[in-house]
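First comes the structure, then the notes that go with it.
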Amino acid sequence: MSTPQLNVPQFWSRIQGLISAWSTWLLGYEFPSTIMLFQKEKLYFLCSASKAKILNQLSAESVIPFEVLTTARPKDPPTDAIPRLAAVLANVQRIGTLTKEKHRGRITDEWAKQLETNDNKVDFVDIATAFSSVMAVKDEDELKSIRTASHLSSTLLTHHLAQKLELLLDRQTKISHALLAEQVEARLGDGQKPPDMKVFGKSKHLGDADFGAVETIYTPVIQSRNSAGGYDLKPSAESTEDNVAHQGIILASIGIKYKGYCAQVGRSFLVDPTKEQEQIYQLLLSLQSELLSKLKDGTPARDVYLHALNYVKGKRPELEKNFVKNVGFGMGLEYRDNAYILTAKNTRAVKSDMVFNLSIGFQDLEEKDGKKYALSISDTVKVTHDGAVCLTEGTKTADEVMFFFQDDEPPAAKDQSKKKASPDKAKTKAKAPNAGAELNGKVAGSKVLRAKTRQQFLDPDAALSTAAKIAEHQKELHAQRQEEGIARFAGEGGGELEERGKGWKRFVSYKGEAGLPREVEGLRIFVDRKSQTVILPINGFAVPFHINTLKNVSKSDEGEFTYLRINFQTPGQLAGKKEDTPFEDPDATFIRSVSYRSTDGHRFDAISKQITELKKEVNKREQEKKEMADVIEQDSLVEIKGRRPLRLPEVFVRPALDGKRLPGELEIHQNGLRYQSPLGQKIDLLFTNIKHLFFQPCDHEMLVIVHAHLKSPIMIGKKKAKDVQFYREASDVQFDETGNRKRKYRYGDEDEIELEQNERKRRQALNKEFKHFADKIAEASAGRLELDIPFRELAFEGVPFRTNVKLQPTTECLVHLSDPPFLVITLAEVEIASLERVQFGLRQFDVVFIFNDFSKPPLHINSIPSAQLDNVKEWLDSVEIPLAEGPVNLNWSQIMKTINDNPYEFFKDGGWSFLSGGGDGADASGSDDSDSESEFEADPADLAMSESSTEEDSEFDGDSDASDDSGSEASLGESESSGEDWDELEKKAAQADKKKEEKQGHDSDDSDAKPKKKGGNNSSRSAAKGKSKANGKPPAKGKR
């Protein structure tokens, strides 16, 4: 077992300001069976030898002298440690201690006996109040632990308990309060089971939380109208064995410790609330806001309570008798600090950076049937100079905590339903399970839930359309992104681009004249490949120029002379992306070029080639170095000893290893995976470097896959890889059960059926084997990894790279795993999705994913069929990704450069709201060509030919694969208004052909092959041109 590391600076910083405190508060580590004696001039520790070894770490930064006295083991002879410590107290009359706490143990008993034998009798004084005053104000480390505990409590309540209550109410499930509380507590895990990261992974604040330091203050408390003894708002309340009621008020409370520091959150859930209950709950919400502004530095505790009581008197005087006797208490290492209870009698003043459990409520309230109920809200809050702020959050508003059954609708919903439903329907509404009700923008069938509805409606007008729901939800997501962006970049200004941008790099060719090669003595141009330098003779001196200072070289012949021109990198002459190339002093005087003349053309030709090759070589090396910048060197794999590791045999790996393609074995070890090929080659993947783990079955696929997407790329052979895939082919080679090939020719339906059944069984066996192994990988990772499986039913096609592939969403990602290059987009890293080229008449659209890290370039997925537009929008909305639509492609390189220049100013000016208008002309890749085929647009030559032949091409060409509804509006309007049959059209066409022949003199037969379009004016030509592109004519291969 490794020696625990004490927080030494924390100990000495805190010991200077107090006489005594708990070991956890001082050292960040619990020391049982230890006596600590603190004096102004010296500190003493009495403990076992093992603890003494740990405490000796304090000597490294000692501020006050201290001594560690070591006791003997139970079987060893006693030491003089206890008598020596007692001798220190020979002249001491009073000792401060915690008199109310009872301590037990061998060392405690021996110490008590020693004090009794001492001649000097010591008086013990209770210093609990002093403890409270010293420890009530929290430092930054303590506040960080309390914030983490608060996030744990809020996440467990919002993303598990609240959702579980929804299901229980929806399904009318019977479960006891105690069992429900135990199930909620189990999400935190224990020594044998890891925490449920499906729940805690939904919080962005718990990414670096140490779940080994998490424990519950108490088992979660669940109360309802069925609880034996009624509702109890005291901190000592417990969950009973009675079943949870499906009506009335449900109280829930969760308390969690992180590194010893406490946080608590409590909520009231209202099922079928009456109007009175709704009003009382709204009163609690407004009261909490009032108290948060009142609870600030310097305010006496009694003033906080009296302010709350007066607020209740002013709003609802009849509820004063039901109001709680205190509105909270101080929190920290202790769940309830009795010295800082917010009551009418406590005169102590609260101070900034104190933490309180602000708990308000009404008890012993009565319903119409005489049953009593209670309502309560409690949060963990931190005191500041201007007021208190909530550290626990989520699931508090009326929309989030109220559940309505259909037979007791709120008045607003009843008024709306009366307008839409007939009187007969209104009378039988309680019996119609599918009748809709609307509350706070949410529509439901038999019940109204916060997050989901039953979609069972008899009256279609009662249900919001899917598009309307998406639009409403998108407004919330966009507002949330706007707030997060302003909070994220507040105070940063425009410094982010400067930090991430290129920096000036000084190039040194030679450290001095002695480093120059001997070839410079002839004062001739010399290319030194070793030093990556070109040495030029200038005014009788050999002047070296590093190859990175050169832009290019050109050679030209004029008569008998050959001219060599060397151009240098200088500010102001570069275009495009290279304009950002930094210079140490852009205002200095630069040499733009140097020219030389010679009659030896062969030598200048050789020099030109040498400089060009050296430039290419250096650029290639720099590019490779840049590509390998994020490659990491993994730690060593810890192999399993004492037993054989779990293996998955006969699997191939991608990217492939060097040499012959042979299947190998995949093994699970203590801290990672190892792939071994028959040739002895190994690939190690540590769990700490695996970001996502996927299993893709071989249903409708040729491969069964276990895929690992890495956090940082590694080197496999000579290749950089961020995705490592292990697969086996679901081969259709025909084998019998003995492993021999079946006869080549088989006839009859029975044989075909047998082959199909065997193929199906083989695929099922492969899926089962790989799925089982992938689950074992997730288990071995100790909660770091969670197996993700693509949803094939949600798949859509697109072009993320150069080919059209099937893209499949998973729980956390959007992936393409079947063929390289692989695609894995982590949805949590997506800031917003922009849907481009979304307009009537186009058969395809594009999606651009912009990431939270603005330094990463946006990812384009092109040429998605327009038929899948609604499905893509619904999926993006379901995974909480804001989306925007536009008719044109945007210039994202320029947009991201503008954002990175000053992200705070970008969000301050409206953020992503500019996308709602489809982008302006500055951002559009072709402001007028809104029908452009994204980045796969045709070459200019092809476009010119297409435009010149627009008048000759028929809109109803037989070779066109355009659908009927993608034609131009002008042609459709003409065909509808004319109403002529084919015979009449053929006569008119013949007459037109005859006139054409007379005018052109029968030059060729090609002009007669296609009928000329009606309406040759400019408007019809532009419509035809737009249609030829909108109808999806195959675009030429473009460049990304």
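Annotations for the structure displayed:
- Surface listing: Cys390, Cys47 arranged by accessible area from highest to lowest gives Cys390, Cys47, probe 1.4 Å.
- Taking 0.36 nm per residue of sequence separation and removing the Cα-Cα distance, the Arg316/Lys121 pair yields an extension gain of 64.3 nm.
- Computed extension gain for Asp170 through Gln93, at 0.36 nm per residue and net of the alpha carbon distance, reaches 21.0 nm.
- Listed peptides 157-170, 250-263 by packing density, highest first (mean Cβ within 10 Å): 250-263, 157-170
- Virtual spin-label span in nm between Lys722 and Glu986, 7 Å along Cα→Cβ: 6.3
- Projected label points at Thr466 and Arg644, each 7 Å from Cα along the beta carbon direction, are separated by 5.1 nanometres.
- Extending 7 Å from the Cα toward the beta-carbon at both Arg661 and Lys372 defines two label points whose distance is 7.7 nm.
- Unit charges on C-beta of K, R, D, E only; dipole of segment 259-418, Debye: 700
- The residues of segment 805-914 present an accessible area of 36 Å² per residue when probed at 1.4 Å with all protein chains retained.
- Placing unit charges on the Cβ atoms only, positive for Lys and Arg and negative for Asp and Glu, gives segment 805-914 a dipole magnitude near 340 debye about its Cα centre.
- Distance-filtered residues of segment 505-528 - backbone nitrogen under 20 Å, label point 7 angstrom along Glu584 Cα→Cβ: 505-516
- Rounded to whole Hz, the Karplus (6.51, -1.76, 1.60) HN-Hα couplings of segment 710-719, x for glycine and proline: 8, 6, 10, x, 10, 9, 10, x, 9, 10
- The stretch between Asn56 and Phe840 holds 274.6 nm of extra length on full extension. This uses 0.36 nm per residue minus the Cα-Cα distance.
- Set Lys174/Lys771; Lys164/Lys198; Lys204/Lys234; Lys660/Lys768; Lys768/Lys873 screened for pairs whose C-alpha atoms are more than 23 Å apart: Lys174/Lys771; Lys204/Lys234; Lys660/Lys768; Lys768/Lys873
- Segment 840-891 shape via C-alpha gyration tensor axes, a/c threshold 1.5: oblate
- Legend: calculated FRET efficiency, Ser893 to Phe801, from the Cβ-Cβ distance at R0 = 22 Å, rounded to 0.05, equals 0.75.
- Simple rule: put +1 on each Lys or Arg Cβ and -1 on each Asp or Glu Cβ in segment 140-402, find the dipole, and look at Pro273, Val383, Val199; the Cα lying farthest toward the positive end is Val383.
- Efficiency of FRET from Cβ geometry, Gln480 and Glu140, R₀ 30 Å, rounded to 0.05: 0.60
- Low-density loop cleavage sites - GluC sites (Glu not before Pro) in segment 805-867, where at most 13 other Cβ are within 10 Å (DSSP): none
- Under 12 Å from the Thr811 label point (7 Å along Cα→beta-carbon), backbone N, segment 678-704: 693-695
- Annotation: per residue accessible area for segment 306-376 equals 47 Å², rounded to a whole number [probe 1.4 Å, protein chains only].
- Percent accessible area from carbon and sulfur atoms, segment 140-402, protein chains only, probe 1.4 Å: 45
- Using the Cβ-Cβ distance between Glu769 and Ser878 with R0 set to 22 Å, the FRET efficiency from 1/(1 + (r/R0)^6) comes to roughly 0.10.
The values are calculated or read from the model by the stated rules, or taken from the named source; none is laboratory data. Keep in mind the model is a prediction, meaning the values are calculated, not measured. Cβ sites come from the backbone with ideal geometry, for glycine too, and all protein chains shown count toward neighbours. Surface accessibility is based on the protein's heavy atoms, side chains included, excluding ligands, DNA and RNA. Shrake-Rupley method; radii C 1.70, N 1.55, O 1.52, S 1.80 Å.
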